[in-house]
There are 2 protein chains.
Amino acid sequence: MVIPQIKNDLMNRKILLDESDIPTHWYNIMADMPNKPLPPLNPKTGQPAGPGDLSPIFPMGLIMQEVSTERYVEIPDEVREIYKIWRPTPMYRATGLEKLLGTPAKIYYKYEGVSPSGSHKPNTAVPQAYYNKQEGVKSITTETGAGQWGTALAFACAQFGIRCEVYMVRISYDQKPYRKVMMNTFGAEVYPSPSDRTEAGRRILAEDPETSGSLGIAISEAIERAVMDDDTKYSLGSVLNHVLLHQTVIGQEAIKQLEYAGDYPDVVIAPLGGGSNFAGISFPFLKNNLTEGKNTRFVAVEPASCPKLTQGEFMYDFGDSAGYTPLLPMYTLGHNFKPAAIHAGGLRYHGASVLCSQLLKDGLIEAVALQQLECFEAGVMLAKSEGIIAAPEATHAVAQVIREANQAKEEGVEKTILFNLCGHGYVDMQAYDDYFAGKLTDHSFTENELKEGLKEIRELQPL
Amino acid sequence: MVIPQIKNDLMNRKILLDESDIPTHWYNIMADMPNKPLPPLNPKTGQPAGPGDLSPIFPMGLIMQEVSTERYVEIPDEVREIYKIWRPTPMYRATGLEKLLGTPAKIYYKYEGVSPSGSHKPNTAVPQAYYNKQEGVKSITTETGAGQWGTALAFACAQFGIRCEVYMVRISYDQKPYRKVMMNTFGAEVYPSPSDRTEAGRRILAEDPETSGSLGIAISEAIERAVMDDDTKYSLGSVLNHVLLHQTVIGQEAIKQLEYAGDYPDVVIAPLGGGSNFAGISFPFLKNNLTEGKNTRFVAVEPASCPKLTQGEFMYDFGDSAGYTPLLPMYTLGHNFKPAAIHAGGLRYHGASVLCSQLLKDGLIEAVALQQLECFEAGVMLAKSEGIIAAPEATHAVAQVIREANQAKEEGVEKTILFNLCGHGYVDMQAYDDYFAGKLTDHSFTENELKEGLKEIRELQPL
């Protein structure tokens, strides 16, 4: 093997930025959307929900971002200072994967696994902790499923000296002890949910002491604890507008990094659970489609076992199972939809964020649903060729990248692909073990299974 | 909190280098040592061991590096190309930890946890796989304890299309399943040791079917398998001269990074198991002591439960428990020393590399032994202030850094401290859990316990 011009910067595998390149503003796509999203509704009145509906659980700084239509929101210096711990994140040219596939496509990925929690989640956890701190909040509650979000918030709270109380779905609490210990190490208290610390938890435990819990129950517990105390607020790691806003540092950095490489993506690919990592890498590029006539495709990848984008319906639905949130206009499988227990816990959410849903409805982004066996196979290929073991969520993007790269090979066309490698899989190795052991299966629905979840919300609020 | 001059590069937390800054040569300290190490001995003849003694198990490219006295050894382009996956590694100014300690000391750390296996080990795994590939080797065997080394070699072999066969100490195989799965993901075969694949393994299993294994047994199995086939060689992850040589990329990058920061260390600190990560960060700076009149201190930190540097003796001893290696002149506790089952598995080795031992004997480096409770406490402080959860091995350096920083505070003196954060702890969270649960204890020896191990080698070969 001869490596030509090894000292030529254009042969770099990594494209790095200086800390002074950390974006100074978050980008708010609301300003540039041709059709603004429908308003959230107060479920009791059926009228548009205002800031007052959210103030018991969120600080006003975040509520104002939730409803903002300003194109740019300035990032506070204190937040940028903490971002420096891991940002700007590296961009890689996937030369190893390209060679393995023998594709004419150029593949780039933004790697968010270098953060303190190992995923993109701290991008929003830090500003959320900051705005809470600004308003005198002493304690933040949240729920976590697989544990990525709880870890990120635990880290962020440690930076600002805020108490952090995490309700972790019991089955994950039992099956993913490492995640719990990571949260403890950052100083958070972690309780298996349902717990006996809330009315909601006690009610569920009384009905079924052996329940494995659910994200919906954990959200109910976290919100109940937040409402209980004046100096306690609640925090959510995806779905909401302000969360997607904070993640746009990813795409803004990616644009600059591709400029250094002299390139621009034909397609941007990311997994979609609630929508925050997809939005984070996509929205700054989508702005260029909307305002500068660029023609990039954006592909959101969801698991076949939780296909809200490809098989759900665009309707008003609750953001949580318990029905505590306003009604949100989104692609959904119904807020009581129970996804199969696949390993990509971060993608097992019944709905897609309002912003992503409106963009899909308007044909500005695409969606595809992939089976988990194809995703793990892609993850193993990535590990061997690029040296990074991806989180199960992130392997969904990798699998779609391989489809696009193989298509480029078949058609003999050049293509520039960018994807978001949103987290590493070091704490998810059980998933790979189950894959190697042949314990994982693909998933398909009967039509009735999908209709069942939607029936309930159709009665609730037709759109 | 007001952050002054946030866009001033001198306020950066991270100091990054371009891929063109990856060193072009490894630095061989043998060239500059005032006293060269004594030769290894063939245990059968008592005469100095030559390349021929090593050729059944190592490729000649590595054997020549093992005995080289050239100051610089060129890094092959193919190796530098793979180094680009994670090198140059970032250097951090530990502003969070400095603030937490309220110290006048400036603290920097080199972070090797960004590599594919999460530690410094791939720095040598990749060139070892390369030189084996050059000589037509089809399969490499090795042993692994905690799993860091096995993971690194699995990754390196995947890059060159070499089969990788890892003998993993049974107790680790059972207790650290994530590490095994990481090796599988990179394509390696992993067997719990003792296994029924070797005579050594079968003999031990016959004696004690329930044995938990040991590094010594695993080494015996790996060497036996390597000797068995002509196209199979064996690979070691620390101790030997060529391994330490490969790790000097760490210190060479660190010198350049501190130049950018306008700084130079008064003290360099690293954990010492066999010696490779300590050597990697120290030797390039030690060269400046030896050749340019610099006056940096170098502190090797070992666990109090395996104190070869501070309580061992400088003698000829085997590098492995089974007695397959040449006799090496080193600080040792005796090759059959059984360290307590602390969590920092990478530091539980009975001896220190020949190079580090000679330098300690000549007073050119220092050593300190620390208890594990102090180390985990330091690890938690690092996590909360810097956002990185360190491997248990790496917390030993952090604890010593905190001692030095607190001393600087007490004495009111400025001091520049550099340490090697040689790996992350994501796959070692059980250790932190045991620490939080109060399950860990400190360790002390009776004088007899230490004498016992040395008695045997005294009879073997007096020095």
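The values are calculated or read from the model by the stated rules, or taken from the named source; none is laboratory data. This structure is a prediction, so every number in the text was calculated from the model and none was measured. Glycine also receives a Cβ, built like all others from the backbone with ideal geometry; neighbour counts cover every protein chain displayed. When the accessible area is computed, the model is the full protein with side chains, heavy atoms only, and any ligands, DNA or RNA have been set aside. Shrake-Rupley method; radii C 1.70, N 1.55, O 1.52, S 1.80 Å.
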*Run down the aspartates and glutamates and flag those whose C-alpha is under 19 Å from the C-alpha of A:Lys106, throwing out any fewer than 8 positions away in its chain.*
A:Asp9, A:Glu98, A:Glu253, A:Glu259, A:Asp263, A:Asp266, A:Glu386, A:Glu404, A:Glu410, A:Glu411, A:Glu414, B:Glu81
*region A:52-65 - phi-based ³J(HN,Hα) in whole Hz, Karplus 6.51/-1.76/1.60, Gly and Pro as x*: x, 5, 9, 5, x, 10, 10, x, 5, x, 7, 4, 5, 5
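What fraction of the Cα pairs in the protein assembly as shown, stated in percent, has a spacing above 41 angstrom?
Working: 155112 of 428275 pairs.
Tail of P(r) above 41 Å: 36 percent of Cα pairs.
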_A:Ser235 accessible area, assembled protein chains, probe 1.4 Å, Å²_ = 0
*Give me the angle, in degrees from 0 to 90, between the Cα long axis of helix A:122-134 and the longest principal axis of the Cα atoms of chain A, rounded to the nearest 10.*
40
*How do B:Glu447, B:Glu456, A:Glu78 rank by accessible surface area computed with a 1.4 Å probe, from largest to smallest?*
B:Glu447, B:Glu456, A:Glu78
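Output needed for region B:155-220: three equivalent-ellipsoid semi-axes, defined as square roots of 5 times the C-alpha gyration tensor eigenvalues, in descending order, whole Å.
Numbers: eigenvalues 108, 36, 12 Å².
Three semi-axes, in Å: 23, 13, 8.
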*List the aspartates and glutamates whose Cα lies under 15 Å from the Cα of A:Lys138, skipping any in the same chain that are fewer than 8 positions away.*
A:Glu165, A:Glu189, A:Asp229, A:Asp230, A:Asp231
*For B:Tyr316, enumerate residues with amide H under 5 Å from its amide H, sequence gap 5+ or separate chain, H modeled in the peptide plane.*
B:Met330, B:Leu463
*Euclidean distance of C-alpha centroids, region A:74-107 and region B:253-273, integer Å*: 26
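Can you list, largest first and rounded to whole Å, the semi-axes you get for region B:265-307 by taking the square root of 5 times each eigenvalue of its Cα gyration tensor?
Details: eigenvalues 95, 21, 9 Å².
Ellipsoid half-lengths, sorted descending, are 22, 10, 7 Å.
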*Anchor A:Lys455: lysines whose Cα lies under 26 Å away (excluding residues fewer than 8 positions away in-chain)*: A:Lys44, A:Lys308, A:Lys338, A:Lys361
*Longest to shortest principal axis, alpha-carbon extents of region B:362-463, angstrom*: 50, 37, 23
*In nm to one decimal, list the spacings between the B:Leu373 label point and its equivalents in the other copies, with label points set 7 Å along Cα to Cβ, shortest first.*
5.3
*For region A:37-51, 3J(HN,Hα) per residue [Karplus equation, 6.51 cos²θ - 1.76 cosθ + 1.60, θ = phi - 60°, Hz, x = Gly/Pro]*: x, 4, x, x, 10, 6, x, 7, 9, x, 9, x, 7, x, x
*Among the residues of chain A, which one places its Cβ closest to the rotation axis that maps chain A onto chain B, and what is that distance in whole Å?*
A:Tyr426, 2
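Nearest 5 is fine: what % of DSSP beta bridges in the protein assembly as shown come out antiparallel, could you say?
Working: 38 of 104 bridges.
Of those bridges, close to 35 percent are antiparallel.
Can you tell me the FRET efficiency between B:Leu373 and A:Lys338 if r is taken as the Cβ-Cβ distance and R0 is 60 Å, rounded to the nearest 0.05? All intermediate terms of the calculation are to be shown ahead of the outcome.
Working: r = 44 Å, r/R0 = 0.74.
That gives a FRET efficiency of 0.85.
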*For region B:255-360, take the alpha-carbon Rg, divide it by the Kirkwood Rh, and send me Rg/Rh.*
1.04
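Dividing the alpha-carbon radius of gyration of region A:72-197 by 2.2 N^0.38 Å (N being the number of residues), what value is obtained?
On the way: Rg = 17.4 Å, N = 126, 2.2 N^0.38 = 13.8 Å.
Cα Rg divided by the expected 2.2 N^0.38 Å: 1.26.
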*Tabulate in residue order the Karplus-calculated ³J(HN,Hα) for region A:78-93, using 6.51 cos²θ - 1.76 cosθ + 1.60 with θ = phi - 60°, rounded to whole Hz; enter x for Gly and Pro.*
4, 6, 4, 4, 6, 3, 4, 4, 9, 9, x, 7, x, 10, 10, 8
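Give me the net charge of A:Ile255's neighbourhood, meaning all other residues with Cβ under 14 Å from the Cβ of A:Ile255; Lys, Arg count +1, Asp, Glu -1.
So the surrounding residues net to -1.
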*Sort shortest first the distances from B:Asp77 to its counterpart in every other copy, using label points 7 Å along the Cα-to-beta-carbon line, and give them in nm.*
4.8
*For the peptides B:15-22, A:297-304, what is the packing order when you average, over each peptide's residues, the other Cβ atoms within 10 Å and list the highest mean first?*
A:297-304, B:15-22
*Compute the label-point distances linking B:Gln134 to its equivalents in the other copies; points lie 7 Å from Cα along Cα→Cβ; give nm, one decimal, shortest first.*
5.8
_Return the unpartnered cysteines for the protein assembly as shown, using a Cβ-Cβ cut-off of under 4.7 Å._
A:Cys306, A:Cys356, A:Cys375, A:Cys422, B:Cys306, B:Cys356, B:Cys375, B:Cys422
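I need the Kirkwood Rh of chain A: take the reciprocal of the average 1/r across all distinct C-alpha pairs and report it in angstrom.
The Cα-based Kirkwood calculation yields 22.2 Å.
Students sometimes get this wrong: rank A:Thr446, B:Thr151 by accessible area, probe 1.4 Å, all chains present, largest first. If you can, show how the numbers build up before the last one.
Values: A:Thr446 75, B:Thr151 0 Å².
Largest accessible area first, the list is A:Thr446, B:Thr151.
Say R0 is 56 Å: what FRET efficiency, to the nearest 0.05, do B:Asp362 and A:Asp263 get from their beta-carbon distance? Walk me through the intermediate numbers first.
Numbers: r = 53 Å, r/R0 = 0.95.
E(calc), rounded to 0.05, equals 0.55.
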*Would you kindly calculate the mean projected area, averaged across all directions, of the convex hull enclosing the Cα atoms of region B:6-69, in square nanometres?*
8.2
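Keeping every protein chain in place, order B:Glu112, B:Glu292 by accessible area at 1.4 Å, biggest value first, i.e. largest first. Please list the in-between numbers first.
Numbers: B:Glu112 0, B:Glu292 115 Å².
Listed by decreasing accessible area, they come as B:Glu292, B:Glu112.
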*From the C-alpha gyration tensor of region B:213-280, pull out the three semi-axes of the equivalent ellipsoid (sqrt of 5λ each), sorted largest to smallest, in whole Å.*
35, 14, 6
_Rg and Dmax [Cα atoms of region A:125-241; Å; Rg one decimal, Dmax integer]_ = 13.3, 40
*Tell me, what does the Kirkwood hydrodynamic radius of region A:176-255 come to in angstroms if you use every pair of distinct C-alpha atoms?*
14.9
_Can you give me the long-range amide H partners of A:Val190? Hydrogens built in the peptide plane at 1.01 Å from N, cutoff under 5 Å, separation of 5 or more residues or another chain._
A:Val166
*Quick one: which residues, 5+ away or cross-chain, put their amide H under 5 Å from the amide H of B:Phe419? H built at 1.01 Å from N.*
B:Tyr108, B:Tyr109, B:Lys110, B:Ile269
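What is the antiparallel percent of DSSP beta bridges lying wholly in chain A, to the nearest 5?
On the way: 19 of 52 bridges.
Close to 35 percent.
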_Exposure of B:His335 as accessible area (Å², to 10), given a probe of 1.4 Å and all protein chains_ = 10
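Using the Kirkwood formula over every pair of different C-alpha atoms, what hydrodynamic radius in Å results for region B:1-139?
Radius from the Kirkwood sum: 18.7 Å.
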